[in-house]
Amino acid sequence: MSTSKTIVWFRQDLRISDNPALSEAAENGSIIPVYILDDENAGERKMGAASRVWLHHSLQKLNDALDGNLVLAKGDASQIIPELIKKTGANAVYWNRCYEPWRIDRDKKIKEQLEADGIEAKSFNGSLLWEPWNTLKDDGTPYKVFTPFYKKGCLNAEAPREPLSAPSSLSFEKTDSLKLDELDLLPHDREGNWDGEMVKEWTIGEDGAHARLKEFLNDGGIDDYKEGRNMPAQTNVSRLSPHLHWGEVSPNQVWYAAIGKNDPHEKNTAHFLSELGWREFSYSLLYHFPDLHWKNMQEKFDDFPWSDEDSEALEAWQNGQTGYPIVDAGMRELYATGYMHNRVRMIVGSFLVKHLLIHWHKGEAWFWNCLVDADAASNTASWQWIAGSGADAAPYFRIFNPITQGEKFDKEGEYIRKWVPELYDIPNKYLNRPWEAPDNVLEYAKVTLGETYPKPIIEHFEARDRALEAFQSIKKAA
Ligand code: FAD
């Protein structure tokens, strides 16, 4: 048995199984498992409120799985790691790689310093099926379009690594730790017990992630994924995104569980796998274009005439008070649960940037604060996609109509009635356009527009024309 003492630095891999850094460290000797809340290096990209709540509960679960041995710290990781080495006599530090630009810069520096000090520093791939430097085009440049990225860059490359089982035993070195509450991850600022209500929606932690995956695969969710994934009231999406973001389950575990149960070419399974591919694509974009969170990939959007003074409209959007029921339902789902269905993310995103002409940065920032799956890669890439400024983006002139989108994808109005209960008794015919309902219908449903539910903050066709005009202005300039 080797006498190695390894610090295993947990980050976005809050699990025991299929954790390459943990498995190798456990084979070499004893471990010191550590989580460092490093807001200092994150700077303006530090985690939002909902993410912190998730992290709090996930760390609790991870600590339980490590028999109470998880060491918690707060501050600049490049100082904390050397201090821990001094305290514990560790001779190695292992971690699974992260891909946000600030983390890459920090981790590189830490690795160099450790190596200079004679400490083994080793990083692993624990979060992606294909790392960004392995999915390049033949000419060595990154793909900017999803389909060739996925088909040629990913599916034609080596198959993803098969998941590892959890180490059969772990032996720990003891050292002192902050208490979980001392990380101060739970909120003080918003009214009421919002975080308590939000976490009731989820089973946070590794066991919860696997239970979710099993339920999705075994209870029919995946069987109608291709069509059903567009319907926010249906259970045809996995809701695995926060578990994947925090690494409570690895994409490899999800990938192999899906193809272990079904033929990978069957249309629903293939579509589900391709959505995991979109996650990989977002990471590839972030890695190769590290300014993705603020810089338009298409430069012509730098001159787009955003109407950024409209803070009233922004607030109405954030609070789910736009007067468009499908938009309001989505924004309220987000605030209450930390999640929003993908179809609705697209509708509310389009509404913000096209109907309200508000910069995608503002939408990205609100999602960053409110989502439990807030992810530097997927959130920024998706907002650029919605705004039309991304590399492989929805064309700007394709403007979602929030009325017909609601009618098409929430036909029976179950999703809207759940999140906008004041419209519960409005018949389906008028549910997405309550302003067209006759007085007796509104009276029966106890709805007074402008009082119990807002009138639309902007008329759809007027907004559409305004957006197209704004787009024409940058097209002409380009
Ligand atoms: P499923 O349909 O079950 O898909 C399985 C997994 O594939 C997801 O868990 C996710 O990891 C991945 N995935 C699915 N769709 C996408 C996509 N379009 N892009 C990247 N990965 C995808 N996803 C995040 O994980 N974090 C974010 O911060 C985020 N922000 C978004 C912002 C906007 C404006 C939009 C339009 C989309 C955003 N997405 C984000 C992508 C997508 O909406 C979510 O991944 C998805 O809704 C998660 O639900 P699910 O787990 O049920 O997905």
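Is it fair to say R11 is basic (K, R), crowded, with 20+ Cβ neighbours inside 10 Å and touching a Ser or Thr at 6+ places or on another chain (Cβ under 8 Å)?
no
Among the residues of the range 215-251, write down those that are surrounded by 20 or more Cβ atoms within 10 Å (Cβ to Cβ), out of contact with any Ser or Thr (no Cβ under 7 Å at 6 or more places or on another chain) and of a type in the set (V, I, T).
Passing the criteria: V237, V249.
Determine whether G126 is farther than 21 Å from H271 by Cα and surrounded by fewer than 18 Cβ atoms within 10 Å (Cβ to Cβ).
no
Please work out which residue is farthest from H288 (Cα to Cα), limiting yourself to the range 361-380 and to residues that are among the aliphatic types (A, V, I, L, M) and more than 6 Å from the ligand (Cβ to nearest atom).
V372
Answer yes if at least one residue in the range 80-97 is among the small types (G, A, S), touching a strand residue (DSSP E or B) at 6+ places or on another chain (Cβ under 9 Å), in a loop (DSSP other than H, G, I, E, B) and within 28 Å of A393 (Cβ to Cβ), and no otherwise.
Checked against the condition, which is being among the small types (G, A, S), touching a strand residue (DSSP E or B) at 6+ places or on another chain (Cβ under 9 Å), in a loop (DSSP other than H, G, I, E, B) and within 28 Å of A393 (Cβ to Cβ), the range 80-97 yields no hits at all.
If you scan the range 283-322, which residues turn out to be crowded, with 18+ Cβ neighbours inside 10 Å, part of a helix (DSSP H, G or I) and either without any contact (Cβ under 8 Å) to a residue 12 or more places away in the chain or within 13 Å of the ligand (Cβ to nearest atom) (or both)?
Y283, S284, L285, L286, W317
Taking the range 133-143, which residues are of a type outside the set (V, I, T) and surrounded by fewer than 20 Cβ atoms within 10 Å (Cβ to Cβ)?
Answer for the range 133-143, where residues must be of a type outside the set (V, I, T) and surrounded by fewer than 20 Cβ atoms within 10 Å (Cβ to Cβ): W133, N134, L136, K137, D138, D139, G140, P142.
Give the residues of the range 350-370 that are within 17 Å of D302 (Cα to Cα) and either without any contact (Cβ under 8 Å) to a residue 24 or more places away in the chain or in a helix (DSSP H, G or I) (or both), sorted by residue number.
The answer is V353, K354, W360, H361, K362, G363, E364.
Search the range 467-478 for residues that are closer than 10 Å to L357 by Cβ and surrounded by 10 or more Cβ atoms within 10 Å (Cβ to Cβ) and pair each with any residue that is aromatic (F, W, Y) and modelled with pLDDT of 90 or more when their beta-carbon atoms are under 7 Å apart and the residues are at least 6 apart or on different chains.
A470/F304
Do we find a residue being buried (at least 24 other Cβ atoms within 10 Å of the Cβ), away from the ligand (no atom under 14 Å from the Cβ) and either more than 12 Å from the chain's Cα centre (by Cα) or small (G, A, S) (or both) anywhere in the range 328-349?
yes
What do you reckon, is V237 in contact (Cβ under 8 Å) with a residue 24 or more places away in the chain, of a type in the set (A, V, I, L, M), within 21 Å of I347 (Cβ to Cβ) and out of contact with any strand residue (DSSP E or B) (no Cβ under 7 Å at 6 or more places or on another chain)?
Criteria met by V237.
If you go through the range 262-278 one residue at a time, do you hit one that is among the basic types (K, R) and either in contact with a Leu (Cβ under 7 Å, 6 or more places away or on another chain) or under 20 Å from A376 (Cα atoms) (or both)?
Checking the range 262-278: not a single residue is among the basic types (K, R) and either in contact with a Leu (Cβ under 7 Å, 6 or more places away or on another chain) or under 20 Å from A376 (Cα atoms) (or both).
Which of the residues that make up the range 25-40 are surrounded by fewer than 19 Cβ atoms within 10 Å (Cβ to Cβ) and under 25 Å from the mean Cα position of the chain (by Cα)?
D39, E40
Going residue by residue through the range 251-266, is there one that turns out to be at pLDDT 95 or above and closer than 30 Å to E44 by Cα?
yes
Would you point out which residue out of V249, V237 is of a type in the set (A, V, I, L, M), within 9 Å of the ligand (Cβ to nearest atom) and within 26 Å of N19 (Cα to Cα)?
Matching residue, one of V249, V237: V237.
Under the condition of being buried (at least 23 other Cβ atoms within 10 Å of the Cβ) and within 15 Å of the ligand (Cβ to nearest atom), which residue from the range 401-421 is nearest to P454 (Cα to Cα)?
This residue is P402.
Going by what's in this entry, would E280 be described as under 19 Å from R343 (Cβ atoms), of a type in the set (D, E, K, R) and in contact (Cβ under 8 Å) with a residue 40 or more places away in the chain?
No, not satisfied.
The values are calculated or read from the model by the stated rules, or taken from the named source; none is laboratory data. Note that the structure is predicted; figures quoted are calculated from it, not measured. Note that each Cβ is placed from the backbone with ideal geometry, even for glycine, and that neighbours are counted across all protein chains shown.
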